[in-house]
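The values are calculated or read from the model by the stated rules, or taken from the named source; none is laboratory data. Note that this is a predicted model, so its numbers are computed, not measured. Positions of Cβ are generated from backbone atoms using ideal geometry, with glycine treated the same way; all protein chains shown enter the neighbour counts.
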4 protein chains.
Amino acid sequence: MNIRSYTSVADRRKALEKELRVDLGHVGSFTLDESVASSRNCENMIGAAQIPMGVAGPLLIGNKKYYLPLATTEGALVASVSRGCKAITESGGASVLAVRVGATRGPVFKVKNMEENSRLFEFVMSHKVKFNQIAKTTSGHISLTNVETNSVGLYRFVRFTFDTRDAMGLNMVTFATQKIVTFIESQLHIPCVSLAGNYDVDKKPSWLNIIYGRGTEAWAEVIIPATILQAVLKTTAQRLYDVWIAKCMIGSALSGSMGFNAQYANIIAAIFIATGQDPAHVAEGSVGITTADVKGKDLYMSVYLPDLMVGTVGGGTGLATQKEALSIVGAKTSQEFAEVVAGAALAGEISLLASLSEGTLARAHERYGRNR
Amino acid sequence: MNIRSYTSVADRRKALEKELRVDLGHVGSFTLDESVASSRNCENMIGAAQIPMGVAGPLLIGNKKYYLPLATTEGALVASVSRGCKAITESGGASVLAVRVGATRGPVFKVKNMEENSRLFEFVMSHKVKFNQIAKTTSGHISLTNVETNSVGLYRFVRFTFDTRDAMGLNMVTFATQKIVTFIESQLHIPCVSLAGNYDVDKKPSWLNIIYGRGTEAWAEVIIPATILQAVLKTTAQRLYDVWIAKCMIGSALSGSMGFNAQYANIIAAIFIATGQDPAHVAEGSVGITTADVKGKDLYMSVYLPDLMVGTVGGGTGLATQKEALSIVGAKTSQEFAEVVAGAALAGEISLLASLSEGTLARAHERYGRNR
Amino acid sequence: MNIRSYTSVADRRKALEKELRVDLGHVGSFTLDESVASSRNCENMIGAAQIPMGVAGPLLIGNKKYYLPLATTEGALVASVSRGCKAITESGGASVLAVRVGATRGPVFKVKNMEENSRLFEFVMSHKVKFNQIAKTTSGHISLTNVETNSVGLYRFVRFTFDTRDAMGLNMVTFATQKIVTFIESQLHIPCVSLAGNYDVDKKPSWLNIIYGRGTEAWAEVIIPATILQAVLKTTAQRLYDVWIAKCMIGSALSGSMGFNAQYANIIAAIFIATGQDPAHVAEGSVGITTADVKGKDLYMSVYLPDLMVGTVGGGTGLATQKEALSIVGAKTSQEFAEVVAGAALAGEISLLASLSEGTLARAHERYGRNR
Amino acid sequence: MNIRSYTSVADRRKALEKELRVDLGHVGSFTLDESVASSRNCENMIGAAQIPMGVAGPLLIGNKKYYLPLATTEGALVASVSRGCKAITESGGASVLAVRVGATRGPVFKVKNMEENSRLFEFVMSHKVKFNQIAKTTSGHISLTNVETNSVGLYRFVRFTFDTRDAMGLNMVTFATQKIVTFIESQLHIPCVSLAGNYDVDKKPSWLNIIYGRGTEAWAEVIIPATILQAVLKTTAQRLYDVWIAKCMIGSALSGSMGFNAQYANIIAAIFIATGQDPAHVAEGSVGITTADVKGKDLYMSVYLPDLMVGTVGGGTGLATQKEALSIVGAKTSQEFAEVVAGAALAGEISLLASLSEGTLARAHERYGRNR
């Protein structure tokens, strides 16, 4: 069979069922707008995967209460985040900060020698205004905010950073970068080897993204009083701190990990899938640092997520269930959305580290995820 | 409202709709077995996210043809993988190898001093048989295959590796490790600070996992003749090689990335979501190395994925759409499934690197992902 | 004995000889100016270590020929660099580029909460002129060129970069940073936890230094014609390229190394010790990327050293033998000195990779380092 | 001039003086055995660099007191280590542990395809006894202790680990590996691309070495009572702890550093140069983790150095001043020597972290290193 030859989702699915002698009835049961999804989001569409969606919260951030839609197949996750939300909310809420760094593309050029390399360097650093003009011809929602460059041998890497408003914007920045690159090539006759030279760095964990930030950088923090540590989390500040330093600091240092945290990936994957973010960005979103500090008998906790590629428009955010999940969050901007993600990550850290400090991790999983 | 107080998915969803004044009609439209999903996979369930599912393939691996279910909201991905599959299949198929390393848990103990530390070291290294016996009392599907340990200051980290057959097995190994840890504590009176000490390393990119491997390690390779490079991929061996070395090698080296590849995360996220794997494992699964080599006018390409946490039973694999997606793959074991993932990753690398070498990346996205 | 109680080098040495019943006659034989060395360079001085110094070269860089003083105890190193110099020089010389990034200090402050953190951020980013004025009161040779800052939890890290002219300048920047920090503390009443918060990053390999650069960033490149590859290096472009990609790219990627090169550390350690640089900076200086490229039958090779902490005045450069070694190099500025170091590193890479490509590494060491 | 054409050190030096019109009188003043040094340690020898040598100590380790020879040009270093030694010694001494991992060589082979790769894998893993026999024919002081291997694409990397008794042994293992590699090539007709494939990993910071260990792994720890913290170090347990966590943990995590410590490189460079170790190994030796813990009002501190390439025979250890410096240490084995290095590193950490906690770092450098 030629999977590409079918024009209807149902026909393609049926042909596949016949070819493989399988039943795809559930995959075929969906309410998404087929014509949109099959043309914009997914080629060779045969239906949809259904991922159970739960809700955690309310989570108090500043003065606003949020509910968190989490799409997951892993028992105990929603319960864990819920408990963290409760602890934060009862403690007076989390403080958060999100800074939009921007979406990046990092093309790589190949020069003939050091002199041509210098010429390219000068050109790139002196044409930011022009590059921005070019970018703006590709979309009314984009502007160039930063240009960084470095060179190794005959390769010059350039990292273009764009403001893409409330879109995650990777496609937009790809188009804009393509046009900028074409302009550079036409002016200097120096070829671009690759429009994306892993200097973006897209969908890989990298120190470059951690150090420069990518997408949105977000911080969240809370002070949890001793009473709530006891009542909600069944632990103490000192015990939770002891787990934190052993696991998130020394354990991660010894393991050569880029993630000095407990479980960012779990929370990010679940919110990303629910709300139509690109789940491949979990690869970069899971890096970052959690800190703890004992304040008398109370506990300070914080999260730092330097590399959150999120948006509230574009990509998968327009699909029916994803749009509804976004309406549960109710964030007005991608920045606010990133703040909620950071708050959710904070809830996840608090709850898991508390569990570990009380030796209840295995029990929680036994209770919620019996089938494995 | 108290989100936890509802017993029915519908009631909880309706209460949330009322509280937030939103419409969650699509989220509420699902065919998954609610009683199973809400008790085993997702607490506080309100419905399901629908992720468009497409199919790429056939992909020839050895003598067998596979179809790849890909759940994604990112236009161009399925088309890209399809093209890679076509190139591989027409080239005679990919060779693959998957080795089950096993699921790991890495508890951390805190000793009083170097002497107690040595005592713990000796105990841990001399009780593997006993630990295995303990593990086996927790499940008939688990066995302990390896114990590694290291120490920093007063902390001793132990990495237990288990064979969990065709399950990804993280919950199983958590229970087994809990019981082993309780035994150690009872014998030595040395407290375990945390059952999971980021020495696992679970759901974070880490060199420890890359070096030791985690879950399943997988390799795939193919030689693509010049004719197919031209006909299917519109490029040449040399041009694709040039992109590979600039991007996957030098670009990643300069960026401090753990991913020396083009887009493993895209493919892994899409297959993981479709087939009920834990998408948080994209955080570790996206690391690994792609290589290219020019053989006359033909091209050799390979992928190496050291850290694939996958299974064909347990977790989300039993849910209706996920089960159907697995039936599309038709892998009989988790090892075979990992081989298919490696083959799919190889297809993705070939297609994206070819696109970049021809400057068509932006065009492909323009065509398939117009809305952003 | 109290080693600190002696005022003369000879008395201290004699007391130690008596106490330990050892003979330190050679350590006591030195021509360095004892009063200077014992007061500025080395407390509790008992004499001097003698490190054999050899010379490699001439090395043609641009139009100028350099000789390289190398202090080493490792047989084969000087011979190896010499051979690389010969290949470069006969090929018409290396092109080099050195950019002074500056010496850095990275203090860390501890705030009470996110608001105080923002206040500190605003203050730091808006007082660069003032900070520079303060810096200039500590030395006539220093100026502040850059301020970078990031925050995790309650910690705010600031990276001050200074121009210290031809001095490596770490002590100068420590004094200047101390005074700036005191000013910040006095204005905001936010305590500095540590004047050096591993955000410098001093004397540790780090991605922050690689990405931002530290001290001087340097590049060197050369094209070696096939005839010289054959005559001087006994290899071909393709063979050397094959070693490079296997070792410096894929081997380093697989090993989680920050050094994508063959032997920068050897060359840097030897030049640093000879010329009075701080050899502890080998810890950061050994990172960086070597590239190779086949041009027909000729070979392009390059080195990139992002983190060279070097100077031609101050520190150990004023000591007698070190000063003489610097006179052999004849560099007029620290920038020129860094260029020579880069050229020397290039020579080392060429020679070692050539050796490896011909299987002669073991033989060279057998010949020159028989005693091990 | 042709620097290689001179047979006497003096003639070569004089020719260079004439050519460059410089005075190398101090370089020419040395007492090292010229015939040995110029034939075994340093080609093209012209004399020796004199590095001021100071002594710190006594340092109590277990029941034995050690003095530490430190060759350095950096004022304040010896004083700093001395203070740390005093604090440790008055606290009852450090506990240390050193484990000889062994010297490694990591050749890389290039296969034709996955099948040949498997054949090589099987051969390598099943011939350890034979490889050891081969190794032993190259030296009476060597034995093969471990073989590790991994593969990417067409490259198979093998890491041979050898016991080289009290020699650092890199040359020995190079010869042995060469012979083993020749055997493998002759049996399988699979070519070795490079005898050293950066899988050793020699003289580069790498996670592979940290995780597997290289040379000798060493640990040291001490508990410093509050009274000594106050009297000797002018600080408190809590203040020093605060610096440690901000700098060595969070600062290093944020900077992407492999060194979670304060100043290992300083101490290692100074001892290595004094005692004839290879100072290029500072590149790997400076990695590792320092920990602190508050015990009431006392302080626990530890160091972990996973990658110490040291020896007490061979290399530069036989040179006159180096031999004398080793006699100051008085270590009977390389293992004992590594223990002393760990103890010295611990002293350096304690002293510098104490200084930073009291804001006296700048003052110490002002006092001891005035000239910069």
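C:Asn146: surrounded by fewer than 16 Cβ atoms within 10 Å (Cβ to Cβ), in contact with a strand residue (DSSP E or B) (Cβ under 6 Å, 6 or more places away or on another chain) and either in the same structural domain as C:Asn63 (by TED's automatic domain parsing) or polar (S, T, N, Q) (or both), yes or no? When the stated conditions are applied, C:Asn146 passes them. Of all residues in region A:325-364, those satisfying the criterion of being free of Cβ contacts under 8 Å to residues at least 40 places away in the same chain and either in contact with a Gly (Cβ under 6 Å, 6 or more places away or on another chain) or facing chain B (nearest Cβ under 9 Å) (or both) are A:Ser327, A:Gly359, A:Leu361, A:Ala362, A:Arg363. Scanning region B:237-283 for residues that are among the charged types (D, E, K, R) and at the interface with another protein chain (Cβ under 8 Å from one of its Cβ atoms) returns B:Asp242, B:Lys247, B:Asp278. Being closer than 22 Å to C:Thr89 by Cβ and touching a Phe, Trp or Tyr at 6+ places or on another chain (Cβ under 9 Å) is a property that holds for C:Ile328. For region D:286-299, the candidate set comprises residues that are at the interface with another protein chain (Cβ under 7 Å from one of its Cβ atoms) and of a type outside the set (A, V, I, L, M); within that set, the residue that is surrounded by the fewest Cβ atoms within 10 Å (Cβ to Cβ) is D:Asp293. Among the residues of region B:78-93, those identified as closer than 8 Å to B:Leu60 by Cα and either touching a Ser or Thr at 6+ places or on another chain (Cβ under 9 Å) or of a type in the set (Ser, Thr, Tyr) (or both) are B:Cys85, B:Thr89. Checking C:Ser139, C:Ser151, C:Ser126, C:Ser95 one by one, the residue that is in contact (Cβ under 8 Å) with a residue 60 or more places away in the chain and either over 22 Å from C:Ser334 (Cβ atoms) or crowded, with 18+ Cβ neighbours inside 10 Å (or both) is C:Ser95 and no other.
For region A:173-212, a residue qualifies if it is closer than 22 Å to B:Ala354 by Cβ and either in a helix (DSSP H, G or I) or among the basic types (Lys, Arg) (or both), and the qualifying residues are A:Val173, A:Thr174, A:Phe175, A:Thr177, A:Gln178, A:Lys179, A:Val181, A:Thr182, A:Glu185, A:Lys203, A:Lys204. Restricting region C:106-132 to residues that are within 14 Å of chain A (Cβ to nearest Cβ) and among the small types (Gly, Ala, Ser), the residue that is farthest from the chain's Cα centre (by Cα) is C:Ser118. Is it the case that B:Asp293 is touching an Asp or Glu at 6+ places or on another chain (Cβ under 8 Å), assigned by TED's automatic domain parsing to the domain that holds B:Ile223 and of a type in the set (Asp, Glu)? Taking the combined requirement at face value, the residue does not satisfy it.
Considering only region C:44-66, I want to know if a residue exists there that is more than 8 Å from every other protein chain (Cβ to nearest Cβ), basic (Lys, Arg) and closer than 30 Å to C:Ile223 by Cβ. Yes; the residues of region C:44-66 include at least one that is more than 8 Å from every other protein chain (Cβ to nearest Cβ), basic (Lys, Arg) and closer than 30 Å to C:Ile223 by Cβ. Filtering region A:44-92 down to residues that are in contact with a Pro (Cβ under 7 Å, 6 or more places away or on another chain), β-branched (Val, Ile, Thr) and over 30 Å from A:Leu16 (Cα atoms), which residue is surrounded by the fewest Cβ atoms within 10 Å (Cβ to Cβ)? Filtering region A:44-92 for residues that are in contact with a Pro (Cβ under 7 Å, 6 or more places away or on another chain), β-branched (Val, Ile, Thr) and over 30 Å from A:Leu16 (Cα atoms), the one surrounded by the fewest Cβ atoms within 10 Å (Cβ to Cβ) comes out as A:Thr89.
Summed over region C:159-172, the residues that are part of a strand (DSSP E or B) and within 11 Å of chain D (Cβ to nearest Cβ) give a count of 2. Given the criterion surrounded by 24 or more Cβ atoms within 10 Å (Cβ to Cβ), in contact with a helix residue (DSSP H, G or I) (Cβ under 7 Å, 6 or more places away or on another chain) and over 27 Å from D:Ser91 (Cβ atoms), identify the matching residue among D:Ala265, D:Ala283, D:Ala269. The conditions single out D:Ala283.
Looking across region C:13-32, just one residue is assigned to a helix (DSSP H, G or I) and within 21 Å of C:Leu319 (Cα to Cα), and that is C:Arg13. Do we have any residue at all in region C:102-114 that's part of a helix (DSSP H, G or I) and surrounded by 14 or more Cβ atoms within 10 Å (Cβ to Cβ)? There is at least one residue in region C:102-114 that is part of a helix (DSSP H, G or I) and surrounded by 14 or more Cβ atoms within 10 Å (Cβ to Cβ). Against the test of being part of a helix (DSSP H, G or I), assigned by TED's automatic domain parsing to the domain that holds A:Gly84 and in contact with a strand residue (DSSP E or B) (Cβ under 9 Å, 6 or more places away or on another chain), the options A:Ala56, A:Ala49, A:Ala37 yield a single qualifying residue, A:Ala37.
Checking each residue in region C:208-234 for being within 13 Å of chain D (Cβ to nearest Cβ) and crowded, with 24+ Cβ neighbours inside 10 Å picks out C:Leu208, C:Asn209, C:Ile210, C:Arg214. Among helices (runs of 4 or more DSSP H) entirely within region B:234-322, having at least 1 residues that are among the hydrophobic types (A, V, I, L, M, F, W, C) and more than 30 Å from C:Lys247 (Cβ to Cβ) singles out B:264-275, B:282-285.
Residues in region C:253-307 that are among the hydroxyl-bearing types (Ser, Thr, Tyr) and modelled with pLDDT of 95 or more: C:Ser255, C:Ser257, C:Tyr264, C:Thr275, C:Thr290, C:Thr291, C:Tyr300, C:Ser302, C:Tyr304. Annotation note: of D:Ala94, D:Ala103, D:Ala135, the sole residue that is among the aliphatic types (A, V, I, L, M), farther than 30 Å from B:Met114 by Cα and under 32 Å from the mean Cα position of the chain (by Cα) is D:Ala135.
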